[in-house]
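Report on the structure given below.
We did not get these values from a lab; they are worked out from the coordinates using the rules stated. For clarity, every value in this text was computed on a predicted model and none was experimentally measured. Cβ placement follows ideal geometry from the backbone for every residue including glycine, while neighbour counts extend to all protein chains displayed.
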Amino acid sequence: MTGIDFTAGWVNGWIITIVLINLLGCLWLLWWTRKRPEDPIKDGESMGHSFDGIEELNNPLPHWWLNLFYFTIAFALIYLTLYPGWGDAKGVLGWSSVGQWETEVQKADNRYNDFFEEYAALPIEQLAQNEEVIKTGQRLFGNNCAICHGSDARGNVGYPNLTDGDWLYGGTPDKIKETLTNGRGGMMPALGAALGEQGTKDVAAYVLSLSNRSGSGDAAAGKEKFDMMCAACHGPDGKGNHMLGAPNLTDDVWLYGGTEDTIIETLNNGRQGKMPAFKDQLSPEKIHVLAAYVYSLSN
Ligand code: HEC
Ligand code: HEC
């Protein structure tokens, strides 16, 4: 071990000595500067020096003030004895910061567990109407979800908007809970090589036509390729598949972006969005309340 080992026995003795020297030093200072009957200069008389017309008079501290000093020294000694103040001694009261933290966590858990257990028994549709549940859900969302989905849950490129009623995996209470508990992984394969450059443009043109737009490729040729290579996941009409998390391509709501360039990028490189599982971080009761909050955003 390099440096000072702060758990070594001598460190305790060293710190206790410093504290005692300080306290006794204060005591000595008070005693040494005390008022003595034999002092030659009486109260209120000049100390014998003046500057710029200002003269120093002998005005000792009032008694109550002086006693306050004695009191603080006595207080320090008692306090250090009651609490673990002398080296690694435990302290007469048996208090410890870890102990206090544990009791407080326990108290909070008891209080919140009651809260979450009470609501775990109620259906999510009903909780989504409850103002208190929504507030708690919002707080949980801020702590666990906002980094990816945004504090307003409106998402970002690659992170779905949770307020728009458009779902990759389904927006029923059960589906939402399943998403939060086990996580989700979207798997859009990279198909650029299989489609070829022109084929990619054609399919992109067809995808654009599904939301009434056009691209530089041939949408009719693209449709043929779509039926062969994409329909299995996105559906024959392009409306998506909740089982696979394949997005609806007809609604002009985009996870990664709906311009021709972004669609071509999606086809060339594939996309693998990952929603982490929360079953290890959050209790089922908390996930229930969070799911109610998410549900309330679009219902
Ligand atoms: C590390 C980033 C990240 C965090 C943290 C995160 N999410 Fe997600 N979430 C995602 C991604 C990415 C997806 C989309 C997955 C995909 O593309 O298949 C997603 C998908 C979802 C979906 C499915 C949306 C749909 O359309 O079906 C829900 C619901 C959801 N998240 C809620 C939450 C909640 C609630 C939390 C907090 C407990 C959370 N997410 C935390 C990244 C995250
Ligand atoms: C194996 C299933 C599968 C196949 C095959 C597939 N996709 Fe996908 N696609 C997905 C999934 C899943 C996602 C969502 C990826 C994510 O969540 O990160 C996706 C995402 C997309 C997106 C992004 C949508 C958005 O909102 O940004 C486009 C565009 C797309 N696919 C078009 C196609 C086209 C065109 C084909 C055929 C050439 C195709 N996909 C083939 C499963 C598939």
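Structural remarks
- When peptides 135-142, 275-282 are sorted by average Cβ neighbour count within 10 Å, with the highest value leading, the order is 135-142, 275-282.
- Evaluating 6.51 cos²θ - 1.76 cosθ + 1.60 at θ = phi - 60° for every residue in the stretch 16-24, the Karplus couplings come out as 4, 4, 4, 4, 5, 4, 4, 5, 5 Hz, glycine and proline recorded as x.
- Exceeding the 19 Å Cα-Cα cut-off - candidates LYS239/LYS274; LYS135/LYS274; LYS135/LYS175; LYS239/LYS279; LYS107/LYS286; LYS175/LYS279: LYS239/LYS274; LYS135/LYS274; LYS135/LYS175; LYS239/LYS279
- Residues with amide H under 5 Å from that of ARG184, placed H, sequence gap 5 or more: MET275
- The stretch 1-123 - Kirkwood radius from inverse mean 1/r over Cα pairs (Å): 20.3
- For the pair ILE54 and ASN12, label points projected 7 Å from Cα toward Cβ lie 5.1 nm apart.
- Here the stretch 192-272 is described by how far its Cα atoms reach on the three principal axes: 30, 24, 21 Å, from widest to narrowest.
- Coordinate range along principal axes, alpha carbons of the chain, Å, largest first: 115, 55, 47
- Among 182-188, 29-35, the peptide with the highest mean count of other Cβ atoms within 10 Å heads the list, and the full ranking is 182-188, 29-35.
- Computed P(r) (all Cα pairs; the stretch 47-108; 5 Å bins; percent): 4, 14, 11, 10, 10, 10, 8, 7, 6, 6, 6, 4, 3, 0
- Highest to lowest packing among 283-293, 70-80, 218-228, 52-62, scored as the average C-beta count within 10 Å: 283-293, 218-228, 70-80, 52-62
- 3J(HN,Hα) couplings calculated from phi for the stretch 58-63 with the Karplus curve 6.51 cos²θ - 1.76 cosθ + 1.60 (θ = phi - 60°) are, in sequence order, 7, 10, x, 4, x, 4 Hz; Gly and Pro show x.
- Applying the Kirkwood pairwise sum to the alpha-carbon positions of the stretch 248-297 produces a hydrodynamic radius of 13.9 angstrom.
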